[in-house]
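The values are calculated or read from the model by the stated rules, or taken from the named source; none is laboratory data. None of the values given here were measured: they were computed from a predicted structure. Please note: Cβ atoms are built from the backbone with ideal geometry, for glycine as well, and neighbour counts cover all protein chains shown.
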Amino acid sequence: MNACDEILRLGLSRLDESALITYGADAGAGTEPAVFTHAALRRLIAQAAGVIDAAGVGKGDRVAIVMNDGEHWCAAFLGAMKLGAVPMAINTRLSSAHYAFIATDSAATLWLVEDTLVDLVGAAPAAAGARRLLCSEFAQACTSAPEREASVPCLSDSPAFWLYSSGTTGPPKGIVHSHASCAASGKLLREVVGIGAGDTVLSTSKLFFAFALDNALLGPLAMGAVTVLNAAWAEPERVAEQTARHAPRIVMSVPSFFRRLLALDPSRLAPFRDVDFFYTGGERVPDAVATEWEAASGRPLSACYGMSETYCNAIAHYPGRERLGSCGELLPGVVVDLRDHAGAGVPPGEPGVLWLRHPTIALRYHRDEFNARSFEGAWFCTNDLFTCDAEGHFWHQGRADELLKVAGQWVKPGEVEEAALAAGLASEAACVVAPDQDGFDRLGLFIVPAADRVNLDGSADAQAARDDVLALLETALRARLPRHSLPRWIRQIDELPRTPTGKVQRFRLRELLLAEQSPASIAR
């Protein structure tokens, strides 16, 4: 088998129908999108396979894709898979250090890089012995490349693609998925929502996220549906316009983006009242956002839960069975076990670490040292705490370890603190999480400035010095951290609150941020 063929199979009966609608990075109001039929998309994928083949990529070789969403992202991913190569969907907002690590760790043969990201990616691919093609070069080569018609046969459990973790528990982990896993794309759309051929899907999440790769590209293609892709990061005005224009049956995004949509003038939300389903994942959904969205759109904001290691969603709200605050019920074929930290089952209603068996579970991590901690035969440990009620609805209780989920991505507080200290501007640093005024969890960083950086006597000169430290620190953090790990608040403090044994009392720092968000504080 080859998962590329399985994904495109239904499109063979819909060759003249639309498959892909794409907007470029500079698309503004009224911009005409590019529309690709199933036939045109198949040709582009076959041409992309020819370009990747000519670049010296063979069966089993890795191909790193660091490009904006669009037809060439799709063609590169499926074209590489068609060759029996292994595409890797890479976050376009990582730091240079992360790209350098991935280049060495993956030993990818070819890197396809967006032109605007070439300086950020840097020389890491060449240093690791890989060839690099800019997106413009790749697109131009596809126009004249011979079409690679036949797909390379692969075993069902052969690697088909990689995803990379965010690297917040240490170095990013390469997550290896099989052809069988890829061929099963679209579980949520098919088995829960009931999206069918010709329906349109609109998602704001980027394709390097498993949530979007499954639900906004491979799943819709596998079902003969139409998907709308944007090269630029989503903005509420554009999404509202595209919803009015393309009449999607389902709109998917992270909760914080639905909050941004709610900030639009109510008249701009009118097109959403014609959408049948709204699904959200990646972070906790504040009850207020879910309630306000249902009032504005006339449809519930349904939650779903999954991870890069399962690729497809594992838990989701079923239409008509939504429970405010819950993540939903198990998808077909998913089996779970809630365990305590010793591995024993927990009593009904008690929180436990979620272990699961899933039809699209990853084969393994690329590096063997990570596998023993997470995989136990067919079981995978999510490290998420859940409770399950008597009716089978799951309620997320947070992480079982130190990680924080902010804006849909895992962040390790220690990584933020280490980056602050490495800048040489602080003698101590502590990172905490606190809700903003809208109820979304965000990062706050407290620092004690280095002694040679600021005089803490309260004078005007001292305040200016404090401001200089904050400005320099923000610049340093942007250079050292991926964007999702940047703190929302940075505060200077004379000393960190500690217990008698010297441990930082993070709850006190969190209380300081909560006090800033209080109505009395805002009024002042």
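Being more than 21 Å from Tyr23 (Cα to Cα) and polar (S, T, N, Q) is the filter; apply it to the range 246-288 and report the residue that is modelled with the lowest pLDDT.
So the residue we want is Ser256.
Exactly one condition in (1) under 26 Å from Ala222 (Cβ atoms); (2) touching a Leu at 6+ places or on another chain (Cβ under 8 Å) is not met by Gly56; state its number.
All conditions are met except number (1).
Without any contact (Cβ under 8 Å) to a residue 40 or more places away in the chain, under 22 Å from Ser151 (Cβ atoms) and surrounded by 24 or more Cβ atoms within 10 Å (Cβ to Cβ): which single residue out of Ala85, Ala49 fits that description? Lay out the reasoning, then the answer.
Working: Ala49 fails: without any contact (Cβ under 8 Å) to a residue 40 or more places away in the chain.
Going through Ala85, Ala49 in turn, just one is without any contact (Cβ under 8 Å) to a residue 40 or more places away in the chain, under 22 Å from Ser151 (Cβ atoms) and surrounded by 24 or more Cβ atoms within 10 Å (Cβ to Cβ): Ala85.
What's the total number of residues in the range 340-370 that are surrounded by 16 or more Cβ atoms within 10 Å (Cβ to Cβ) and either outside any strand (DSSP E or B) or touching a Pro at 6+ places or on another chain (Cβ under 8 Å) (or both)? Working first, answer last.
Looking only at the range 340-370, we keep the residues that are surrounded by 16 or more Cβ atoms within 10 Å (Cβ to Cβ), and these are 346, 351-366, 370.
Those left that are additionally either outside any strand (DSSP E or B) or touching a Pro at 6+ places or on another chain (Cβ under 8 Å) (or both): 346, 351, 358-363, 366, 370.
The number of residues fulfilling the criteria is 10.
Out of (1) closer than 21 Å to Ala479 by Cβ; (2) assigned to a loop (DSSP other than H, G, I, E, B), the odd one out for Leu120 is which?
Failed condition: (2).
For (1) within 19 Å of Pro172 (Cβ to Cβ); (2) at pLDDT 95 or above; (3) not in a helix (DSSP H, G or I), each residue gets a yes or a no:
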{"position": "Asp53", "(1), (2), (3)": "no, yes, no"}
{"position": "Ile65", "(1), (2), (3)": "yes, yes, yes"}
{"position": "His72", "(1), (2), (3)": "no, yes, no"}
{"position": "Leu78", "(1), (2), (3)": "no, yes, no"}
{"position": "Asn91", "(1), (2), (3)": "yes, no, yes"}
{"position": "Thr104", "(1), (2), (3)": "yes, yes, no"}
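Taking the criterion of being buried (at least 21 other Cβ atoms within 10 Å of the Cβ), assigned to a loop (DSSP other than H, G, I, E, B) and within 23 Å of the chain's Cα centre (by Cα), would at least one residue in the range 124-143 satisfy it?
No - not one qualifying residue is present in the range 124-143.
Give the residue that is surrounded by the fewest Cβ atoms within 10 Å (Cβ to Cβ), with candidates limited to residues of the range 193-206 that are touching a Phe, Trp or Tyr at 6+ places or on another chain (Cβ under 6 Å) and in contact (Cβ under 8 Å) with a residue 60 or more places away in the chain. Give the derivation first.
Start the filter on the range 193-206 by keeping residues that are touching a Phe, Trp or Tyr at 6+ places or on another chain (Cβ under 6 Å), which leaves 193, 204-205.
From the residues that got through so far, the ones that are in contact (Cβ under 8 Å) with a residue 60 or more places away in the chain too are 193, 205.
Details: Val193: 25, Ser205: 22.
For the range 193-206, the residue satisfying everything is Ser205.
When Glu329 is evaluated against the numbered criteria (1) part of a loop (DSSP other than H, G, I, E, B); (2) closer than 24 Å to Leu213 by Cα; (3) among the acidic types (Asp, Glu), which criterion, by number, is the only one it fails?
Evaluating Glu329 over (1) part of a loop (DSSP other than H, G, I, E, B); (2) closer than 24 Å to Leu213 by Cα; (3) among the acidic types (Asp, Glu) leaves (1) as the failure.
Can you go through Arg466, Arg508, Arg498, Arg453 and tell me which one is of a type in the set (Lys, Arg) and at pLDDT 80 or above? Working first, answer last.
Details: Arg466 fails: at pLDDT 80 or above; Arg498 fails: at pLDDT 80 or above; Arg453 fails: at pLDDT 80 or above.
Of Arg466, Arg508, Arg498, Arg453, the one residue that is of a type in the set (Lys, Arg) and at pLDDT 80 or above is Arg508.
Would you pick out the residues in the range 286-326 that are assigned to a loop (DSSP other than H, G, I, E, B) and under 27 Å from Lys173 (Cα atoms)?
Keep residues of the range 286-326 that are assigned to a loop (DSSP other than H, G, I, E, B), which gives 286, 298-300, 306-314, 317-326.
Of everything in the range 286-326, those that are assigned to a loop (DSSP other than H, G, I, E, B) and under 27 Å from Lys173 (Cα atoms) turn out to be Gly306, Met307, Ser308, Glu309, Thr310, Tyr311, Cys312, Asn313, Ala314.
Looking only at the range 271-290, decide whether some residue is of a type in the set (Gly, Ala, Ser) and within 20 Å of the chain's Cα centre (by Cα).
Yes; the residues of the range 271-290 include at least one that is of a type in the set (Gly, Ala, Ser) and within 20 Å of the chain's Cα centre (by Cα).
Could you tell me how many of the residues in the range 1-20 are assigned to a helix (DSSP H, G or I) and aliphatic (A, V, I, L, M)?
5
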